[in-house]
1. In the structure displayed, which of Lys17/Lys67; Lys89/Lys167; Lys17/Lys89; Lys132/Lys167 lie more than 29 Å apart, Cα to Cα?
2. Have a look at Gln64, Gln109, Gln47 and tell me which one the Gaussian network model of the chain (Cα, springs below 10 Å) gives the largest fluctuation.
3. Given H placed on each backbone N at 1.01 Å, which residues far from Gly70 in sequence or on other chains put an amide H within less than 5 Å of it?
4. Can you work out ³J(HN,Hα) from phi for every residue in segment 37-42, in order, using Karplus 6.51 cos²θ - 1.76 cosθ + 1.60 and θ = phi - 60°, giving whole Hz and x for Gly and Pro?
5. Give me the extension gain from Val46 to Ser92: residue separation times 0.36 nm, minus the current Cα-Cα distance, reported in nm with one decimal.
6. Given springs between every Cα pair under 10 Å in a Gaussian network model of the chain, which of Asp128, Asp42, Asp86 has the largest fluctuation?
7. Anyone know which of Gly119, Gly171, Gly24 comes out most mobile in the 10 Å Cα GNM of the chain?
8. Taking amide H positions as placed in the peptide plane 1.01 Å from N, state which residues far from Leu61 in sequence (5 or more) or on other chains have amide H under 5 Å from it.
Amino acid sequence: MKVIQTAVPDLLLLEPKVFGDSRGFFLESWNARGFFEATGVDTPFVQDNHSRSARNVLRGLHYQIKKPQGKLVRVIRGAVFDVAVDIRKTSSTFGRWVGVELNEFDHRQFWIPPGFAHGFLVLSDSADFLYKTTEYYAPEFERCILWNDATLDIHWPVHGEPLLSAKDREGLSFEQAEVFE
């Protein structure tokens with residue numbers, strides 16, 4: 001597995017070894033030992049999630065203020081623009097975001113440790129998005145920052161208005177949001 005550094009050092013883009021020929025391909029999507037050796041991160045994953053969304057659906061920016069989740073995310077069908085925002089107040093990269101395209105062709109994964117808000121925009125007709133989490137979903141601790149917060153100034157590649165859930169439309173501004181100390 002190849003590790004690609006991002007502008008925020010804790011956010012890592014992972015490129016698996018893909019073995020392909022005229023019949024298709026094979027890749028190892030998860031290996032705890034390989035993940036630790038490549039990243040230095042030794043964390044258990046407790047939950048796997050799968051979502052399917054249509055073009056222009058934007059989900060996020062989500063996080064859990066208590067029981068924070070680390071996420072290892074990937075796309076198995078389609079393409080998304082995936083974003084993580086550092087919301088750790090004591091971090092030197094507090095308030096900075098990284099956006100990467102994840103798609104079914106390059107098989108990259110994005111490691112987002114606890115302490116980050118996360119969201120994605122579907123770029124293809126639809127996308128199947130998978131993510132492993134280090135903590136169980138706890139809706140009572142879930143928070144949402146507005147996707148288009150002016151302070152964060154995320155450069156979403158959206159055309160027109162994205163399709164949002166009620167929860168995402170009612171997210172808080174970055175300045176109003178609870179963050180990690």
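1. Exceeds cut-off: Lys17/Lys67; Lys17/Lys89.
2. With Cα springs under 10 Å in the chain, the top fluctuation among Gln64, Gln109, Gln47 is at Gln47.
3. Close amide H contacts, sequence-distant or interchain: Thr134, Glu135.
4. Per residue, the Karplus-derived 3J(HN,Hα) values read 5, 7, 10, x, 9, 10 Hz.
5. My answer for the length gained is 13.7 nm.
6. Asp42
7. The residue that fluctuates most here is Gly24.
8. Result for Leu61 returns Ile145, Trp147.
Throughout, read-outs are computed from the coordinates displayed, never taken from laboratory work. No experiment lies behind these values; they were computed from the predicted model shown. Glycine also receives a Cβ, built like all others from the backbone with ideal geometry; neighbour counts cover every protein chain displayed.
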